[in-house]
Structure formats: structure tokens, C-alpha cells
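Contents: one structure, followed by commentary.
Readers should treat all values here as calculations from the given coordinates under stated rules, not as data from a laboratory. Because the structure is predicted, anything quoted here is derived from the model rather than measured. Positions of Cβ are generated from backbone atoms using ideal geometry, with glycine treated the same way; all protein chains shown enter the neighbour counts.
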Amino acid sequence: MIRTTRVCRALVALTALIATAVACGKEGSPPAKGPAAGELPDYQVVQGFQLPSSPTWERARKRGHLTVGAKEDQPYLGEKDPASGAYSGFDIEIAKMMSASLGFAPRSVHFRTIASANRETALQNGQIDYYVGTYTINDLRKKLVGFAGPYYMAGQSLLVRTDENDIHGPQDLAGRTVCSAAGSTPYQRIKSDYPKAKLVSYDTYSVCVDNLLTYQVDAVTTDDAILIGYAAKVPDELKVVGKPFSEEPYGIGVPRGDNALRFALDDALEAREKNGDWKRAYEATLGLSGVPAPTSPKIDRYQGG
Ligand code: GLU
């Protein structure tokens, strides 16, 4: 009974972020804390910016705005307000400051939600100009897309219910059910390195979290930055355990071969880190989950691609 009420309360709180109706009686939690629009930095638009050597930028110029892929259910990183349709979070701020650096007003960006498994295809068939959504740079993906950055360093971790006492790290997953998103690096790592875990996948982590709260799975695994956000929304129900067990450098995905765009974004990230925009954006978004601003990672302007 107590368990049902707690789970209901947690689900009601999570409803705000995943926009799913949950019938749990009249109990509810106050809306989770987030930055008001006025507290977010304003990014100065670079006037007269030109990048004719980038086919992606040229297409956006003719269209009049950038179309950017993102996540919509990752607290403090990429969230979509179900009422207004507005996106917010650290990744969204990165996308907006990049837009300003490419000569487009940040408020003109058209965001599209793209799940982890569909990112490469979306970039390959021109559905989006670039992608900012907890997207790990790795060699396998570099065969399909390009990456600017990294702009943040995360690490794979585990989220469990607060009443779970036996899971402290990936070695404790043998015989337990763990959930991750299809097409993600954390899913792949459990599959190859911890084959005794019972691994299940969904399109999004928020569905995994729902399944955790309702005792369908024992743990959710993905990057610590994502899991900390879910735990911060319902700290009585969920906790992040153990130490991060991978390195997940976040990059901005671009169509493969458009190196003009990739290097322009590398320049833009460097400039926004130098002028303080990166830190201001972090503090107004991901920093609200309680983790102080780390130093931003060094940009890897790799050749080829
Ligand atoms: N950073 C990891 C990845 O790119 C996990 C987060 C995500 O799925 O977006 O696969």
C-alpha cells in the first residue's frame, strides 16, 4: 500500500517530464525546479556569418532557420514542455549558442525529438542540420556521422530504487533486469561486458524509469548526467549508485563529410567556452541537479571524416 502510494507520487512527478497521463488519485508532487526563461543566458548572434562551403549551412540559410535534433525527456539536458512545446536544458542551450555562432537567432531554431537509435539516419537523410542530445563520440559512429566537440564528459552509471541495497555497480547485475535505450553505448556495453545481466531496451530512458518505479526492472543504465536528472526529480524513490564505469564524451552530431560545419562548430564551442557562455548555460541547467560546473573538455578537431 505504502509502496503503491510512493510509486504513484513518483510517477506523477515524472509525468511532468514525459507528458504521460498517470491515474494515481489526488496525490501529487509540486513541479520539479527548473530555470525560468529569464535566467538563461542570451547568446550574441554573429552578424554577417557565412559558411558557403558547408552544404548543411547553405540549406539552412535558404530555409531561414536551423533544424536541430534533440532529446525531450532528459531532465536538465533536453526536455520538452508538453504545454508550450518549448525545449530546455543544457543540450538545448548548446544548440542555441551554436545557432548564434552560425548567424541564426537562437529562438529561430526548430527542434525535433530524435531517439538514440535514430540519430545517424536523421543526420544522413537531412532531417536535421545537427544533433545535440547526450551523443557520445566514438569511432564506430564516426563512420556514419561527424562530431564537433566534445563539449561535456559523462560516464555510464546505474539508477536504482532507494529500497534497492544489492546493486552497487555493473558486476551486481548478474541475474537482475537492467533497462537502457536501444542504439545507445550503455546498452551495448552491458550486452558485451556483462552478459549475465537480463538486458531490456526501449526507445527512451524515461520509459525505463517508469519500469523501474513500477518494479518491472531492477536498474536503469545510461550516462550519469542523465540519471542524476531523473533521481533529482524524485529523490525519495530513486538513487544513482556506484562510480561511472565508462567515458562518454558528448559531441554535436553533423552530417558526415561536412567538415566545414564541423570545424565551424568546434570554433564556436571554443569561443563560447572562452567567453563564459558555456559555464553560464551549465549553471542555468545541468548545474541545477547539484553537480558544480566541471572544466569543459578539450575540443578534438580530428582529421578525416
Ligand atoms: N551517451 C550515450 C550514447 O550516446 C547514452 C545516452 C544516449 O543514448 O543519448 O549512446
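Structure values in brief
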| item | result |
| --- | --- |
| Boolean, residue 221 is of a type in the set (Val, Ile, Thr) and within 16 Å of the ligand (Cβ to nearest atom) | yes |
| Close pairs from the stretch 117-134: first in a loop (DSSP other than H, G, I, E, B), partner charged (D, E, K, R), Cβ under 7 Å, at least 6 apart | 127/112; 128/112; 132/91; 133/71; 133/91; 134/71; 134/91; 134/223 |
| Selection count where residues are within 10 Å of the ligand (Cβ to nearest atom) and under 14 Å from residue 252 (Cα atoms), scope the stretch 117-130 | 1 |
| Pick from the stretch 56-73, criterion touching an Asp or Glu at 6+ places or on another chain (Cβ under 6 Å) and not aliphatic (A, V, I, L, M), ranking: nearest to the ligand (Cβ to nearest atom) | 67 |
| Output for the stretch 223-237, where each listed residue is under 16 Å from residue 135 (Cα atoms) and among the hydrophobic types (A, V, I, L, M, F, W, C) | 225, 226, 227 |
| The stretch 66-78 residues that are at positive phi, paired with ones that are among the β-branched types (Val, Ile, Thr) and more than 10 Å from the ligand (Cβ to nearest atom) (beta carbon under 9 Å, 6 or more apart) | 76/228; 76/285 |
| The lone exception for residue 205 - which of (1) free of Cβ contacts under 8 Å to residues at least 60 places away in the same chain; (2) surrounded by 20 or more Cβ atoms within 10 Å (Cβ to Cβ); (3) not charged (D, E, K, R) it fails | (1) |
| Residue within the stretch 107-116 that is under 22 Å from residue 257 (Cβ atoms), surrounded by fewer than 24 Cβ atoms within 10 Å (Cβ to Cβ) and within 13 Å of the ligand (Cβ to nearest atom) present | yes |
| Counted residues, the stretch 160-189 - those being under 11 Å from residue 221 (Cα atoms), within 13 Å of the ligand (Cβ to nearest atom) and touching a helix residue (DSSP H, G or I) at 6+ places or on another chain (Cβ under 7 Å) | 4 |
| Residues (among the hydrophobic types (A, V, I, L, M, F, W, C) and not in a helix (DSSP H, G or I)) located in the stretch 68-114 | 68, 70, 77, 83, 86, 102, 104, 105, 109, 111, 114 |
| Residue match in the stretch 236-249 (condition: hydroxyl-bearing (Ser, Thr, Tyr) and within 27 Å of residue 172 (Cα to Cα)) | yes |
| Selected residue [within 12 Å of the ligand (Cβ to nearest atom) and either over 21 Å from the mean Cα position of the chain (by Cα) or closer than 30 Å to residue 98 by Cβ (or both)] from 152, 230 | 152 |
| Residue identified as within 17 Å of the chain's Cα centre (by Cα), surrounded by 19 or more Cβ atoms within 10 Å (Cβ to Cβ), at negative phi and in contact (Cβ under 8 Å) with a residue 12 or more places away in the chain among 286, 261, 238, 265 | 286 |
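Yes/no per residue for (1) under 21 Å from residue 229 (Cβ atoms); (2) surrounded by fewer than 16 Cβ atoms within 10 Å (Cβ to Cβ); (3) hydrophobic (A, V, I, L, M, F, W, C); (4) in contact (Cβ under 8 Å) with a residue 40 or more places away in the chain:
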| residue | (1), (2), (3), (4) |
| --- | --- |
| 145 | no, no, yes, yes |
| 159 | yes, no, yes, yes |
| 166 | no, yes, no, no |
| 169 | yes, yes, no, yes |
